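See below for the structure under consideration.
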Amino acid sequence: MNVPVKCDPREVLFVHSSLAIYHILCSVLMVAIFIATKRLVESFRRSYSKLTVVVIGGGPVGLTAVLVAALSKKVSNIILFEEMFRNNLCNKPSQIAFNPKTVKFLRTLDIDFDNLEGCWSNDYFYTRSGVYTDYLLCVLYKFNKKVDLKLGTKFTRDTIKEVDKVVGRKLVIACDGSNGNGARIMGLNDEFLQHSLNAYGAVAGVDRLVHGAVPVPETSVQNILFDLGAYGILVDERQEPQGFTVKLFGNLRHRYMNIAIPKCESTLLKSMRLVLDRSIPHTDVVSNLELLFTIIMRNIFIKCFNTYKSEVESSISESTALKTLKFSPRLFEIKLSQRLETVVYFKETDTFLIAEGEAARCTNFHTGKDINLAMDGLPILNRFITMITWASSEHSIMEAMLFKSRSAERICKSFLKNGLRDTVFSPS
Ligand SMILES: Cc1cc2nc3c(=O)[nH]c(=O)nc-3n(C[C@H](O)[C@H](O)[C@H](O)COP(=O)(O)OP(=O)(O)OC[C@H]3O[C@@H](n4cnc5c(N)ncnc54)[C@H](O)[C@@H]3O)c2cc1C
């Protein structure tokens with residue numbers, strides 16, 4: 001005989017809800033274990049992922065890039081290709097100037113400014129390219145287990161095979177200056193965008209046989225007008241431009257000067273910019289005009305130098321200038337060249353390629369402080385290295401490349417907006 005089973009509906013509900021909670025908890029636990037395992041595997045993968053960095057060019061930017069890579073835990077080894085030997089590198093006379101932002105960044109790399117020959121002025125640090133290179137090479141020799149400095153070795157098409165043989169993910173950084181072709185032969189688009197900086201300028205340099213190669217602070221003078229009346233160039237006073245900025249920089253042995261002026265349509269500027277039509281026959285009149293223009297520019301530079309030189313240096317005479325002064329014969333338009341493509345990824349060889357320094361962007365005018373533009377790409381290099389070392393999916397690779405190209409774009413945009421105002425036209 002069947003005994004009717006009585007069940008309390010509340011009990012049934014309790015059992016069902018307990019079962020449901022149990023299932024939910026199990027699912028949550030499974031998901032949590034899955035996520036934790038995935039994270040653990042990912043963190044193992046990340047901590048074991050390593051990158052090989054190849055740097056083309058051992059100028060100030062290339063060597064700083066090597067140092068950033070050497071300090072990164074993500075990088076297992078670094079190879080630098082520099083076509084010059086150490087002696088020539090360390091004797092490079094051109095001045096480099098670091099603005100306060102760059103100084104702060106370089107301090108994070110433990111650059112010891114107290115042990116670097118140079119001078120401070122308004123929180124800017126001025127030194128010679130060779131001095132900075134020498135300092136960095138000494139620092140980098142300490143990383144000899146990780147860094148292979150191939151000085152006196154030109155990077156050519158044949159070197160690419162050597163790079164391709166390296167196992168694992170690679171980052172090639174082209175830092176071979178404004179005339180380098182490393183980025184192009186590796187496969188980066190070689191198109192440059194030219195931006196006018198809405199100003200005209202001219203540069204000059206004088207080399208003298210004095211011993212002091214230690215940089216001296218920059219002299220910058222605003223609103224100077226040149227009287228070219230003696231050459232028959234008369235300026236209509238109503239059209240007078242706002243005046244030139246004159247800068248003297250470098251060291252006592254290699255002195256540089258530049259003059260710059262915002263763009264405007266004045267008789268004075270038109271005369272100083274006049275370029276003779278090469279297609280017209282080279283008559284005596286043309287030759288005389290060319291000679292006159294050259295004399296005008298030389299006299300302007302001699303006068304500027306002698307008026308604004310530092311107290312400790314001697315004036316230059318016309319005869320010395322004839323032998324030692326190199327200068328632009330005419331005013332030219334100041335431009336910024338920006339490499340259109342700054343990052344690319346080659347799947348077959350698992351290689352990222354970027355351009356930095358003057359290989360990525362440069363002006364045709366040395367402002368005395370324009371190294372900052374060349375160095376500006378490096379503060380994000382460490383983060384980019386981390387991103388590409390960890391990137392495993394197509395999405396994360398794209399994300400890293402986007403991060404790099406946006407940063408390159410920002411540098412140029414900011415320079416176009418403030419560059420000359422900060423480095424040339426602002427009273428120091
Ligand atoms: C006359 C002059 C005056 C200047 N004055 C100032 C100034 O007052 N203030 C300032 O801030 N900046 C100044 N500059 C600019 C400053 O020197 C540059 O901004 C800086 O040198 C750029 O550094 P970089 O490393 O990008 O390029 P670079 O210094 O040009 O270095 C590129 C390196 O790559 C190497 N290289 C090229 N091709 C290859 C290859 N195929 N294989 C291997 N190696 C290769 C070259 O030998 C070189 O050592 C001046 C420059 C000049 C020329």
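The values are calculated or read from the model by the stated rules, or taken from the named source; none is laboratory data. Quick caveat: nothing in here was measured; it's all calculated off a predicted structure. A quick note on method: Cβ atoms are made from the backbone with ideal geometry, for glycine too, and the neighbour counts reach across all protein chains shown. Please note that ligands, DNA and RNA were not included when accessible areas were found on the heavy atoms of the full protein model with its side chains. Shrake-Rupley method; radii C 1.70, N 1.55, O 1.52, S 1.80 Å.
Structural remarks
- Meets criteria (touching a strand residue (DSSP E or B) at 6+ places or on another chain (Cβ under 9 Å), more than 11 Å from the ligand (Cβ to nearest atom) and open to solvent by 10 Å² or more (accessible area, probe 1.4 Å)) for Ser47: no
- Here Met387 meets the list (1) buried (at least 16 other Cβ atoms within 10 Å of the Cβ); (2) away from the ligand (no atom under 14 Å from the Cβ); (3) assigned to a helix (DSSP H, G or I); (4) touching a residue at least 24 places away in the same chain (Cβ under 8 Å) almost entirely, failing just condition (4).
- When Leu373 is tested against (1) open to solvent by less than 50 Å² (accessible area, probe 1.4 Å); (2) in contact with a Gly (Cβ under 6 Å, 6 or more places away or on another chain); (3) at pLDDT below 95, only condition (2) is not met.
Condition check ((1) of a type in the set (Lys, Arg); (2) out of contact with any strand residue (DSSP E or B) (no Cβ under 9 Å at 6 or more places or on another chain); (3) farther than 18 Å from His195 by Cα; (4) not assigned by TED's automatic domain parsing to the domain that holds Gly168) across all residues:
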| residue | (1), (2), (3), (4) |
| --- | --- |
| Lys347 | yes, yes, yes, no |
| Ile354 | no, no, yes, no |
| Arg361 | yes, no, no, no |
| Phe384 | no, no, yes, no |
| Ile388 | no, no, yes, no |
| Met401 | no, no, yes, no |
| Lys413 | yes, yes, no, no |
| Gly419 | no, no, no, no |
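- Some residue of the stretch 283-292 being open to solvent by less than 40 Å² (accessible area, probe 1.4 Å) and at pLDDT 85 or above: no
- A search for C-beta distances below 7 Å between a residue of the stretch 210-232 that is assigned by TED's automatic domain parsing to the domain that holds Cys119 and any residue that is open to solvent by less than 30 Å² (accessible area, probe 1.4 Å), counting only pairs 6+ apart in sequence or on different chains, returns nothing.
- Here the condition is being of a type in the set (A, V, I, L, M, F, W, C), closer than 20 Å to Lys104 by Cβ, crowded, with 16+ Cβ neighbours inside 10 Å and within 16 Å of the ligand (Cβ to nearest atom); of Leu420, Leu381, it holds for Leu381 alone.
Residue-wise test of (1) over 26 Å from Thr386 (Cα atoms); (2) away from the ligand (no atom under 12 Å from the Cβ); (3) loosely packed, with under 13 Cβ neighbours inside 10 Å; (4) touching a residue at least 24 places away in the same chain (Cβ under 8 Å).
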{"site": "Gly177", "(1), (2), (3), (4)": "no, no, no, yes"}
{"site": "Ala183", "(1), (2), (3), (4)": "no, no, no, yes"}
{"site": "Ser196", "(1), (2), (3), (4)": "yes, yes, yes, yes"}
{"site": "Ala202", "(1), (2), (3), (4)": "yes, yes, no, yes"}
{"site": "Asp207", "(1), (2), (3), (4)": "yes, no, no, yes"}
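- Scanning the stretch 345-362 for residues that are surrounded by fewer than 19 Cβ atoms within 10 Å (Cβ to Cβ) and hydrophobic (A, V, I, L, M, F, W, C) turns up just one, Phe346.
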